[in-house]
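Before any comments, here is the structure.
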Amino acid sequence: MLPAAAATEGRIRSYEEFARVHAYLLAAAGVPPSLHKRLYRKLADEVFDGGEVFAVEPCEGGRQRRLGLASEDPLGKESDVFLVDHAWSFRLPDALKQLREVPGLAERMAALMCVDLDRKIETEESDEQDGEKNGSLEHVLQVVETERARVQDRGTDSAAWLELEELGIDDDMLVTLDLSAKFPNLVALNLWGNRLQDTEKVMQEIRKCPKLKALWLNDNPVLGKGIDKAVLDSLSGLEIYNSRFTSKAGEWALSFCADIVGADNPCSSVESTLLDSIATIDLSDRCIHKLPEAFSPSKLPSLSKLNIRGNPLDQISGDDLLKLLSQFTQLQELEVDIPGPFGNSAISILESLPNLSLLNGVNSSSIIESGKHIVDSALQPRLPEWSPEESLAERVIGAMWLYLMTYRLADEEKIDETPVWYVMDELGSAMRHSDIPNFRIAPFLFMPEGKLASAISYTVLWPTHDVHTGEECTRDFLFGIGEEKQRSARLTAWFHTPENYFIQEFRRYQEQLQSNSICSSTKIKEIPSTKSVRPSDGRALRVYTDIPHVEEFLTRPEFVLTTDPKEADIIWVSMQVDSEVKKAIGLTDQQYTNQFPFEACLVMKHHLAETIHKAWGSPEWLQPTYNLETHLSQLIGDYCMRKRDGLDNLWIMKPWNMARTIDTTVTDDLSAIIRLMETGPKICQKYIERPVLFQGRKFDLRYIVLVRSICPLEIFLSDVFWVRLANNQYTLEKTSFFEYETHFTVMNYIGRMNHMNTPEFVKEFEKEHRVKWLEIHESIRSMIRCVFESAAAVHPEMQNPFSRAIYGVDVMLDNRFKPKILEVTYCPDCGRACKYDTQALVGSQNTIRGSDFFNTVFGCLFLDEQTNVSPL
């Protein structure tokens, strides 16, 4: 959040004026005071001298960039400050529209985010690859004959290792090569990246090579056609298949991972003396479920460095793994997933393996001193992915979450409800992450005329350590965020973190939810307890309100409005009336208020989900919901499970306590979900991707619930409810997620609301879907009752005899006509209920005048009436 500066008259002409006007901004950015004058001069003169000091270099095969110090002179700690321009600033709903309409924007962003590589080199690469992959049989035979000659030089019975990667070999060519005849002792065959697709023909040739220890068929069309099982069943001695360890993996596979055997030293078996000499083994990403029996201190007495990242290791406990490794007395360097199969704590691992000097590339003593439980210096970065048919604008939308930064504007009166997202220029965007960065950045608003209207946004960059020529310049993507704020889980936005850990956390959470069932095991007594509160002398109840609709439409004689809250019997207001407000205004505990204590358990989205989870576990009528401030790991696990299982992974992000869908986003991008936490506390809820539609459009329903008492629960449902319709036809096209009028239904704040009277909607809905609305209505009534039972069971402290309230309950139907709770709203906007006459669909089925809505509400809550409401 960027605070506004103190105002000044005219253009800033001195450093002293700059420092006074920007004092809050300088403090918020954390710019060292010693750099303030230098920053002022660069801002005033628009000096962008980073290009003279830094160099942007490609890395990760051109799919990412990094920033290096290019100047001949080293850069001292806090010795200089640099301006970074903002190449693109926007509000999230406008992102796709801007990319499509602003000339050159999509092209620049695509180049900056490295998602235009195929368009730059596609033709050249295609020509080169065609020259290789479409090579003739003669070319492939030449490669085979060269290797055959090498085998003969070593002796006729020598083991053979054949590398035939990316040579354009198809099924018929493989048969023609007759490899088994040419290499009777073939122990390894690499056919990675060819054109094999006929399972029968490939297996015909593979079966002729029974001595194979390793086989690579990666990136061939034949995969996914049942060949995996056929290979493993046919080759009893195969230890490595498609880079993964098989269940037969043993000494040979370990020796391969230790670079003892390979193309330059093929052999069918490994001598014990060679195993004795192994000091380093890289077992990362081998899909190892259980370590081979050969992995033991007796076989590998010299092992000092082990990388075992990226393996499930789910057939052996973490304690047994640590016990096994503790027997390797020479082991000094270890790389493992944390969290992962070895547990969740780096400190616990070091306690079990005290001889380690390095854990995940970090000095063991520094880990213990810092108390860090999760350390990693080698997480693999998430790189942008796209399909060739995607436009540049669509590719940028997919990649931008790896680059975006954000801020909100604020002054003394209020915070801007909608955050600003921005992309730094090519120099700033090339800075990669480090847990031990040598630079720091911060957004900064420069107001050359001393007012917010003149503000220009920059990012400022300065060194926090001494940096030498050629050294990479890094920043902390999560500056100031520690494990107490889920740092390791949040790094998943930019890096591939251990999926298995998050899936484990998700499963634990699921088990916990399933064990919650307060309501299902407790019968809530239904004893009416409230009566009319009208004074016995028959005088009217005095009502104080700040709500225009109540002022206008509460007209019955039993109630009279007052402008003095102290003399009111009923306080009916839109603001929260807590003890401090009561004290300040002079209210008493014997005045009725339109809110219940602790009602946040219903009206704040994260508390609503928590309350329902505690009461019912995981009911069908609540979509999977996670409070990202506390349950990010569990959400990531759920996301990963859905991705593995090929399930829909569309989610909706909602702020805890914002109305009108402000800062609400629909996305299937995990990086986006995590990054959106930066704009305020949110829940992440599984999107109802297949709602029942009305004439092709999405809709939801607003119900009004009247609450007289919580314990015992005494609630009523207004006969008046209304439908809220999206303006556009519903679609799940990715580009539609930015279209408010497609995926959201609250239209009365954007000026394009299409009101439809409820009876007319119900008639048309029944006709379109051939259903009976009353059956749907009963299931909705039952669900709403369950929601309020949750509050009564989990938070009985809500009960207050001087509380009466109405709540808006928003409901959506899925494609099976099953209701889903969306949210519960305090002091709901009842403008439509007051404006439009309608007909009751249940009960009396009488015409209900809109102007009588609040007369009905107050009659039910305070006079014990049940006109145009029904008890739940």
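The relative contact order of segment 772-872 comes to 20 percent, based on Cα pairs under 8 Å that sit 6 or more residues apart. Centre-to-centre separation between the Cα atoms of segment 852-870 and those of segment 789-839: 16 Å. Taking a Cβ cut-off of under 10 Å around A106, the surrounding Lys, Arg, Asp and Glu residues balance to a net charge of -1, with basic ones at +1 and acidic ones at -1. Using just its DSSP H runs of length 4 or more, each adding -39500 (n - 2.57), the chain gives a mean residue ellipticity at 222 nm of -8500 deg cm²/dmol after division by all residues. Beta bridges assigned by DSSP with both partners in the chain are antiparallel in approximately 70 percent of cases. Angle of helix 117-133 to the longest C-alpha principal axis of the chain, folded into 0 to 90 degrees and rounded to 10: 30°. In the structure shown, do any of K201/K225; K614/K643; K485/K682; K614/K698 have a Cα-Cα gap over 21 Å, and if so which? Table pairs above 21 Å Cα-Cα are K614/K643; K614/K698. Close amide H partners of A87, meaning residues 5 or more places away or on another chain with modelled amide H under 5 Å apart, are V423, M424, D425. Under 5 Å from the amide H of R66 lie the amide H atoms of E57, C59, each residue being 5 or more positions distant or on a separate chain, with H modelled from the backbone and absent for Pro and chain starts. The alpha carbon gyration tensor of segment 220-345 gives principal lengths a ≥ b ≥ c with a/c of 1.5 or higher and a/b no greater than b/c, which makes the shape oblate. Listed values for segment 54-59 are Karplus-derived 3J(HN,Hα) couplings in whole Hz (6.51 cos²θ - 1.76 cosθ + 1.60, θ = phi - 60°), namely 10, 9, 8, 10, x, 8, and x replaces Gly and Pro.
Calculated on the Cα set of segment 138-370, radius of gyration then Dmax: 20.0, 63 Å.
Between helix 758-769 and the chain there is an angle of about 40 degrees, using the helix long axis and the longest principal axis of the Cα atoms. A 1.4 Å probe run over segment 138-370, with the rest of the protein chains in place, finds 46 Å² accessible per residue.
Going by a ≥ b ≥ c, the root eigenvalues of the Cα gyration tensor, does segment 155-214 fall in the rounded group (a/c under 1.5), the prolate group (a/b larger than b/c) or the oblate group? It is prolate, given that a/c is not under 1.5 and a/b is the larger ratio. Where the centre of each part is set by its Cα atoms, how far does segment 636-676 sit from segment 701-741, in angstrom? If we compute the Cα centre of each part, the gap is 20 Å.
The distance linking segment 240-260 with segment 564-598 is 73 Å (Cα centroid to Cα centroid, whole angstrom). For H465, which sequence-distant residues (separation of 5 or more, or a different chain) have an amide H within less than 5 Å of its own amide H, given hydrogens modelled in the peptide plane? Placed amide hydrogens put E78 under 5 Å from H465. Phi angles of segment 601-614 translate, via the Karplus equation with coefficients 6.51, -1.76, 1.60 and θ = phi - 60°, into HN-Hα couplings of 5, 10, 9, 9, 4, 6, 5, 4, 4, 4, 5, 5, 4, 5 Hz per residue; Gly and Pro are given as x. Structural descriptor for segment 273-412: relative contact order 16 percent, calculated from alpha carbon pairs under 8 angstrom and at least 6 residues apart. Based on the alpha-carbon gyration tensor of segment 1-103 and its eigenvalue square roots a ≥ b ≥ c, which shape applies: rounded if a/c is under 1.5, prolate if not and a/b is larger than b/c, or oblate? Note, shape of segment 1-103 comes out oblate. Ranking of F858, F553, F48 by solvent-accessible surface, largest first: F48, F553, F858 (1.4 Å probe, protein heavy atoms only, all chains present).
Angle, helix 773-794 long axis vs. longest principal axis of the chain, Cα atoms, 0 to 90°, nearest 10? Tilt relative to the chain: about 90 degrees. Tell me the carbon and sulfur percent of the accessible area for the chain, rounded to whole percent, probe radius 1.4 Å. Of the solvent-accessible surface of the chain, carbon and sulfur hold 48 percent.
The values are calculated or read from the model by the stated rules, or taken from the named source; none is laboratory data. All values derive from a computational prediction rather than experimental measurement. Cβ coordinates were reconstructed from backbone atoms using ideal geometry, including for glycine residues, and neighbour counts include every protein chain displayed. Just so you know, the surface numbers come from the protein's heavy atoms only, side chains and all, with ligands and any DNA or RNA stripped out. Shrake-Rupley method; radii C 1.70, N 1.55, O 1.52, S 1.80 Å.
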